[in-house]
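I have placed the structure first, in the form of structure tokens, so that the comments after it can refer back to it.
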Amino acid sequence: MATLKIENLCKSYGTVDILKNIDLDVADGEFVVLVGPSGCGKSTLLRCIAGLEAIDAGNLHIGSRRVNDLAPAQRKIAMVFQSYALYPHRNVHDNMTFGLRFSGMDKAEMERRVAAAAKMLQLEPLLARRPRDLSGGQRQRVAIGRAIVREPDIFLFDEPLSNLDAALRVSTRIEIAKLHRLLSATMIYVTHDQTEAMTLADRIVVMNSGRIEQEGAPLDLYYRPANLFVARFIGSPAMNLFEASSGQGVVRADGIRKIDLGTAAFPDGRLTIGVRPEHFRLADTGDLVLEAGVDLIERLGEISYAHLRMPGGAPLIVELRGRMVPARGEKIVIAADRRDVHLFDATGAGIALAFA
Amino acid sequence: MTAMRPRLATLAIHSVLSAYTLVAILPILLVLMNSFKARNAIFAAPLMPPLGTTFSLVGYAKVLSTAHAGTYFANSMLVTLISMFLVLLFGAMAAWALTEYKVRGTTLLAIFLSIGIMVPIRLGSVAILTMMRRLGLNDTLIALILVYVAQGLPMAIFILSEFIQQIPRDLRDAARCDGVPETLIFFQVIAPLLRPAIATVAVFTIVPIWNDLWFPLILTSSERTHTITLGVQQFLGQYITDWNAVLAALSLAILPVVVIYILFSRQLISGLTAGAVK
């Protein structure tokens, strides 16, 4: 187990900069999830950590070792791939031992590790099978087993659940969370699925076009997004955002019936106001009160999503509980508390509200 | 109506294919049939199958009793198999290197090799002959093997490169994370997955080498180094009227190619990568 320290890492393919000045510290035993839309560089960052891609600038430290110029195997990392990447012509047992053979490990130790991993992942009855005779979930467990037997300093996961069906994804996600607790290993996990990120991570790193937008505990990102990108990315359905303008401490936008953000200091000019769908309620009292027309109602049973349109044209989604929901075409009034209101300035950066 | 159209199309395709198959197979069938017939029957009724009185093994007896027939066959086998082995080994390794390691010059090298596919090697016959003589390799099987390896390599590299590109990159990356040495990544992880492609290339390589008459003709001069195709020609020269021997020798020459094809065609059915990913 070890820490990981990334300093000013840069990576480009030709003239395209994939990663721009990445700084990241990962504590011993921490579970860090890299999230972001496809093409944001999260997988490339993971491959750089693994040593599968050379970096153009910066430093990588695992524990006290600088690993910039070390081959993947020497970095003491293990990687689990989205496609599992099992050796197709070797059985489960040999898939796990194949890599160990080149480390000069003696056979007894090898067998001990395989037995332990197989027990942990319930692979014991499958040891003699080949990958093609396994289900997707079993293959992914073998891939995880192959990582475990290496007893690496850092586990790297590259979207390990993306090829599994929905039910298996949930159960494997829980397995990975248990595994992290059991091994208390440092893990870095790449995904574009925010549910995985929210449930697994000690810390989430949100990436966008080669930069880290924000890092923090899952709930910090949820409650205090640092900028518009993170606000849009974390949460489902996404946060409602609409434009407003401010002057002399007063915020205006079509459809705002009342806004009282207390003592918050915000600049004059264009602003974006954000409120999550789950933080609105059907009421006409609150710190922020809006009026909007109902475009569409989606009833999911326990909850309903009301798709609204503000007089200015901005769309809103409001999560409603209970059986009473407004009808299409109706004009309704919704309210939110000021602690659930997010403000962003013209550059997209979050404005810290005094009470937040 | 909609069901009729594909059926008609299928019928048309199959009739064209069947016609072509007949054109391709009939001469071979004719050779095989007549090789089992007595000499006068060959000329009297060349299109009749060997039946009753016309059946005769005299051609085969003559071929097998000729002292050099065994040598010819052994030479052909040796040259073909060694060439095939070298083409496959070097071809697969080169294809791996060209696709996996991007260094300066790989593109140039790939273009150079594709020229090898386009330009027939026979154009260089004179140069090859002089070169072999200078090297003291004329009238040796090594000369033939060298030429055939050069002839087979470009196509082998081309086909195998295409195949290697289809092998998921994750597999090589996983092996690298596992600490598998680069040479073993090729021989133990990639090569087993290339089996269907290697079988294809093997068939493509073997057939022209086995059937080749040109290079044995210009590069070998003594009976010690003749291959079967050249040996048959000499039958023609010596026993110009003895069609039995010629047809029997040709029939025998077909056999090994057919056997090798059947052996490899089982490998041609791929699906070996199933289970590697997804």
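The values are calculated or read from the model by the stated rules, or taken from the named source; none is laboratory data. As the structure is a computational prediction, the values presented were derived from the model and not from experiment. Cβ placement follows ideal geometry from the backbone for every residue including glycine, while neighbour counts extend to all protein chains displayed.
Side notes on the structure shown:
- Within the option set A:Leu134, A:Leu126, A:Leu100, A:Leu86, being surrounded by 16 or more Cβ atoms within 10 Å (Cβ to Cβ) and facing chain B (nearest Cβ under 7 Å) holds for one residue only, A:Leu86.
- If you check A:Leu282, A:Leu308, A:Leu316 for being under 15 Å from A:Ala253 (Cα atoms) and modelled with pLDDT of 90 or more, only one passes: A:Leu316.
- Selected residue (criterion: modelled with the lowest pLDDT) from residues of region A:173-211 that are surrounded by fewer than 19 Cβ atoms within 10 Å (Cβ to Cβ) and β-branched (Val, Ile, Thr): A:Thr195
- Answer residue from region A:46-83, given it is among the polar types (S, T, N, Q) and assigned to a loop (DSSP other than H, G, I, E, B) and is farthest from the other protein chains (Cβ to nearest Cβ) among those: A:Ser64
- Qualifying residue in region B:235-246 (condition: more than 14 Å from chain A (Cβ to nearest Cβ), polar (S, T, N, Q), part of a helix (DSSP H, G or I) and surrounded by fewer than 15 Cβ atoms within 10 Å (Cβ to Cβ)): yes
- Restricting region B:170-214 to residues that are touching a Phe, Trp or Tyr at 6+ places or on another chain (Cβ under 9 Å) and not in a helix (DSSP H, G or I), the residue that is farthest from the other protein chains (Cβ to nearest Cβ): B:Asp212
- Listed by position, the strands (runs of 3 or more DSSP E) inside region A:173-267 whose residues that are within 30 Å of A:Leu9 (Cα to Cα) and outside the structural domain of A:Met310 (by TED's automatic domain parsing) number at least 1 are A:186-191, A:203-208, A:211-216.
- Of the criteria (1) in a loop (DSSP other than H, G, I, E, B); (2) farther than 30 Å from B:Phe215 by Cα, which one B:Asn138 fails: (2)
- Number of positions in region A:214-226 that are crowded, with 18+ Cβ neighbours inside 10 Å and in contact (Cβ under 8 Å) with a residue 24 or more places away in the chain: 4
- When region A:146-158 is filtered for residues that are assigned to a loop (DSSP other than H, G, I, E, B) and within 11 Å of chain B (Cβ to nearest Cβ), the ones remaining, listed by number, are A:Val149, A:Arg150, A:Pro152.
- Test: residue in region A:238-246 that is within 17 Å of A:Thr347 (Cβ to Cβ) and buried (at least 23 other Cβ atoms within 10 Å of the Cβ): no
- Flag if B:Met33 is of a type outside the set (Asp, Glu), over 17 Å from B:Thr229 (Cα atoms) and either assigned by TED's automatic domain parsing to the domain that holds B:Ser114 or in contact with a Lys or Arg (Cβ under 9 Å, 6 or more places away or on another chain) (or both): no
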